[in-house]
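See structure below.
The values are calculated or read from the model by the stated rules, or taken from the named source; none is laboratory data. These numbers were taken from a predicted model, which means no experiment stands behind them. For neighbour counting, all protein chains shown are included, and Cβ atoms are generated from backbone atoms with ideal geometry for every residue, glycine included. The accessibility values were calculated without ligands, DNA or RNA, using every heavy atom of the protein model including side chains. Shrake-Rupley method; radii C 1.70, N 1.55, O 1.52, S 1.80 Å.
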Amino acid sequence: MLDIALVTAPDDDLRQLVGELNDELGALYSAEQRHGLTLDALFQPHIRFFVARADGRPAGCGGVALFDGFAEIKRMYVRVPLRGQGVADAIMARLIAETVEAGLTLLKLETGVYSGAAIQFYRRNGFAVCAAYEPYTAMPSQAIITSVFMEKSISVAPAHEAVVRR
């Protein structure tokens, strides 16, 4: 059984998940090329952050930052042994629902060129490569040289369901 819950403060499960994510990204990218928010930064009023638990154990996490005109995926991660089992899809569905609930129709993200499985996952979920956006465009080019920027347009159907525009 998978449960996805909004978290309002760091807990041990979240610390563990973000630690694993940091370790994974640290093996692929320099510190300058990692743009993930710190644990404390995840709990700002404009961010909704979730932890997925499979049978009560931490399985993954992800958040969405709500801005003027778009939302941005933050700190999306699924533990290695649970990948390919629908956890990421369930988290993404929740993040899309939060975006729709906020009245936004554009969802963006930044990932890295060496994160092939993540890029494939995002493409499968309707994201396409796009141009860099703020705050990334203000960063030195070396900081975003390994970045891949993606976006997905969504709209609210009459029954309040998220629909992908193709």
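Quick check on the stretch 58-80. Is at least one of its residues surrounded by fewer than 18 Cβ atoms within 10 Å (Cβ to Cβ), of a type in the set (Val, Ile, Thr) and not in a strand (DSSP E or B)?
yes
I need a count of the residues in the stretch 126-141 that are under 22 Å from residue 83 (Cβ atoms) and open to solvent by less than 30 Å² (accessible area, probe 1.4 Å). Spell out the reasoning first.
At the first step, the residues of the stretch 126-141 found to be under 22 Å from residue 83 (Cβ atoms) are 126-127.
Subsequent filtering for residues that are open to solvent by less than 30 Å² (accessible area, probe 1.4 Å) retains 127.
Adding up the residues that qualify gives 1.
Which of (1) under 24 Å from residue 23 (Cα atoms); (2) more than 10 Å from the chain's Cα centre (by Cα); (3) of a type outside the set (Asp, Glu) does residue 63 not meet, given it meets every other one?
(2)
Counting only residues that are of a type in the set (A, V, I, L, M) and open to solvent by 20 Å² or more (accessible area, probe 1.4 Å), which one in the stretch 81-90 is farthest from residue 129 (Cα to Cα)? Talk me through it step by step, then tell me what you get.
First, pick out the residues of the stretch 81-90 that are of a type in the set (A, V, I, L, M): 82, 87-88, 90.
With open to solvent by 20 Å² or more (accessible area, probe 1.4 Å) added as a condition, the list becomes 82, 88, 90.
Numbers: 82: 26, 88: 19, 90: 22 Å.
By that ranking, first place goes to 82.
Among the numbered criteria (1) at pLDDT below 95; (2) closer than 22 Å to residue 147 by Cα, which one does residue 125 miss?
The number of the failed condition is (1).
Check whether at least one residue in the stretch 46-57 is assigned to a strand (DSSP E or B) and open to solvent by 50 Å² or more (accessible area, probe 1.4 Å), and report yes or no. Can you show your working first?
Within the stretch 46-57, the subset assigned to a strand (DSSP E or B) is 47-54, 57.
Pick out the ones that are also open to solvent by 50 Å² or more (accessible area, probe 1.4 Å) and you get 48, 57.
Yes, the conditions are met somewhere in the stretch 46-57.
Do we have residue 24 as farther than 20 Å from residue 133 by Cα and either at pLDDT 95 or above or assigned to a helix (DSSP H, G or I) (or both) here? Before the answer, list the steps.
On the way: farther than 20 Å from residue 133 by Cα: yes; either at pLDDT 95 or above or assigned to a helix (DSSP H, G or I) (or both): yes.
Here the answer is yes, as residue 24 does meet what is asked.
Just to be sure before I move on: is residue 106 out of contact with any Lys or Arg (no Cβ under 8 Å at 6 or more places or on another chain) and open to solvent by less than 50 Å² (accessible area, probe 1.4 Å) in the structure I sent? Talk me through it step by step, then tell me what you get.
Values: out of contact with any Lys or Arg (no Cβ under 8 Å at 6 or more places or on another chain): no; open to solvent by less than 50 Å² (accessible area, probe 1.4 Å): yes.
It is false that residue 106 is out of contact with any Lys or Arg (no Cβ under 8 Å at 6 or more places or on another chain) and open to solvent by less than 50 Å² (accessible area, probe 1.4 Å).
Return yes when residue 151 is within 11 Å of the chain's Cα centre (by Cα) and open to solvent by 30 Å² or more (accessible area, probe 1.4 Å) and no when it is not.
Here the answer is no, as residue 151 does not meet what is asked.
Please enumerate the residues belonging to the stretch 119-152 that are within 18 Å of residue 34 (Cα to Cα), touching a Gly at 6+ places or on another chain (Cβ under 8 Å) and touching a residue at least 40 places away in the same chain (Cβ under 8 Å).
146, 147
Does residue 107 meet the test of being at pLDDT 95 or above and in a strand (DSSP E or B)?
Values: at pLDDT 95 or above: yes; in a strand (DSSP E or B): yes.
Spelling it out, residue 107 is indeed at pLDDT 95 or above and in a strand (DSSP E or B).
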